[in-house]
Amino acid sequence: MREEASTPYEKPNEGPSSLSTVQPVRPEAQAYEAFNIDQETFDVDVKRLDRTFRQLQTQLHPDKFASNSPVEQEHAANQSAFVNGAYSTLKDPLARAYHLLGRKGGSDGQGGEATIEDPELLMVVMETREQIEEAASPVELQQLQKDNAAKQTDCVQKLGAAFAANDLKVAEEFVTQLRYLRTAGDAISLKL
Amino acid sequence: MLQSLRCAAGALRESSAACQLVRPAVAAAQRPYHKNVVDHYENPRNVGSFGKNDADVGTGLVGAPACGDVMKLQIKVDEAGNITDSCFKTFGCGSAIASSSVATEWIKGKTIEEVVSIKNSDIAKHLSLPPVKLHCSMLAEDAIKAAVKDVQAKRAAAGQAASPAADEKLAASA
């Protein structure tokens with residue numbers, strides 16, 4: 001589907017022998033492509049992602065390009081930065097969901113800067129945040145943290161199902177929920 | 001550049017201690033918050049809640065999904081449509097807290113017809129919000145409108161026509 005020459009990073013397995021051909025990051029380079037994942041799906045094999053990341057990090061290590069021209073060293077550094085960014089995006093379910101929504105042509109799921117008035121969701125968010133605010137003991141906070149983690153897991157699962165069904169509207173709803181759960185989780189961590 | 005305030009992303013007074021407004025080491029390199037933001041963030045006005053089921057109370061509950069912010073703004077309205085009291089509760093960044101705090105101050109003593117014309121740009125200007133924070137003031141504007149709509153809906157449901165002009169607007173928007 002994609003030509004080898006168009007990979008966004010220094011090709012694997014060629015190692016130092018191809019050093020004279022370090023290329024700049026292509027403007028159209030994509031996160032999934034950088035990790036050799038053909039299908040841009042929400043469910044990713046995290047183990048494989050980690051493994052590929054380590055390989056790419058090794059291949060793109062600055063030490064390997066010490067004898068290259070400054071321009072090529074810069075290209076290599078940019079390749080490395082691109083791979084790091086792609087890894088952060090793909091590793092985190094929320095970032096991955098935002099990325100996918102953007103790729104699939106729907107909105108970016110971040111709602112731009114639009115205000116939402118979803119009383120059902122916002123009432124729950126408000127109550128949760130008040131619970132966190134009022135929680136006095138570490139035991140209470142730990143329970144809230146546990147609840148929050150369970151809700152996030154559930155939300156990520158539903159997000160996966162929505163993407164699998166290619167239902168972007170539902171996916172956006174769960175992205176919003178996940179975003180609020182994250183923020184609440186951060187608030188708990190801040191108090192613990 | 002705005003992370004120092006944003007990191008709190010939560011409770012009002014508690015977070016001001018947990019999260020330094022300006023980290024001294026990097027303060028010079030950062031765009032400092034305008035003194036009005038810092039003032040409203042450190043001493044938010046009118047934090048609290050009214051009974052949301054009370055007939056004379058309007059509640060505006062809005063959120064900014066991009067930041068995970070949630071804002072509740074409430075108004076107490078008399079028979080003539082005057083806002084006699086207002087309060088808010090916001091879980092969000094400093095700009096969102098300051099915007100809602102300013103909003104509650106501005107709407108007190110005004111009529112519900114008047115306050116729906118408050119623009120987010122007025123709030124943003126007062127707080128000197130940078131462009132990336134304009135949506136925080138938008139949230140406050142939307143919260144005011146939602147609160148007015150809520151109290152109007154309650155009145156319409158109760159069959160009161162205490163504020164004919166407002167009821168007409170409601171009818172037009174429905």
Inset, instruction - Please indicate, with yes or no, whether at least one residue in region A:151-158 is among the hydroxyl-bearing types (Ser, Thr, Tyr), part of a helix (DSSP H, G or I), facing chain B (nearest Cβ under 9 Å) and farther than 14 Å from residue A:96 by Cα. - result: no
Inset, instruction - Pairs only if they're at least six apart or on different chains, beta carbon under 6 angstrom, first in region B:126-142 and within 11 Å of another protein chain (Cβ to nearest Cβ) and over 15 Å from residue B:92 (Cα atoms), second open to solvent by 10 Å² or more (accessible area, probe 1.4 Å) and part of a helix (DSSP H, G or I); list them, first residue then second. - result: B:141/B:120
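Matching residues to (1) away from every other protein chain (no Cβ under 14 Å); (2) touching a Pro at 6+ places or on another chain (Cβ under 8 Å); (3) open to solvent by 60 Å² or more (accessible area, probe 1.4 Å); (4) modelled with pLDDT under 95:
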position	(1), (2), (3), (4)
A:64	yes, yes, yes, yes
A:80	yes, yes, no, yes
A:91	yes, no, yes, no
A:120	no, no, yes, yes
A:140	yes, no, yes, no
Legend entry - Answer from A:190, A:181, A:168 - the residue that is aliphatic (A, V, I, L, M), in contact with a Lys or Arg (Cβ under 8 Å, 6 or more places away or on another chain), open to solvent by 10 Å² or more (accessible area, probe 1.4 Å) and within 11 Å of chain B (Cβ to nearest Cβ): A:181
Legend entry - Only listed residue being modelled with pLDDT under 95, under 22 Å from residue B:85 (Cβ atoms), more than 14 Å from chain A (Cβ to nearest Cβ) and surrounded by fewer than 17 Cβ atoms within 10 Å (Cβ to Cβ), chosen from B:161, B:157: B:157
Legend entry - Evaluation of residue B:77 against (1) over 10 Å from the mean Cα position of the chain (by Cα); (2) surrounded by fewer than 22 Cβ atoms within 10 Å (Cβ to Cβ) (one fails), failing number: (2)
Inset, instruction - Kindly list, by first and then second residue, each pair from a residue in region A:142-171 that is not assigned by TED's automatic domain parsing to the domain that holds residue A:187 to a residue that is open to solvent by 90 Å² or more (accessible area, probe 1.4 Å) and at pLDDT 95 or above, limited to pairs with Cβ atoms under 8 Å and residues at least 6 apart or on different chains. - result: none
Legend entry - Residues satisfying the stated conditions in region B:20-66, i.e. within 14 Å of chain A (Cβ to nearest Cβ) and at pLDDT below 90: B:20, B:44, B:65, B:66
Inset, instruction - Take residue B:99 and decide whether it is polar (S, T, N, Q) and farther than 30 Å from residue A:174 by Cα. - result: no
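The values are calculated or read from the model by the stated rules, or taken from the named source; none is laboratory data. Just so it is clear, the structure is predicted and the values come from calculations on it, not from any experiment. Because the Cβ atoms are built from the backbone with ideal geometry, glycine has one as well, and the counts that use them run over all protein chains shown. These accessible areas exclude ligands, DNA and RNA; they are computed on the full protein's heavy atoms, side chains included. Shrake-Rupley method; radii C 1.70, N 1.55, O 1.52, S 1.80 Å.
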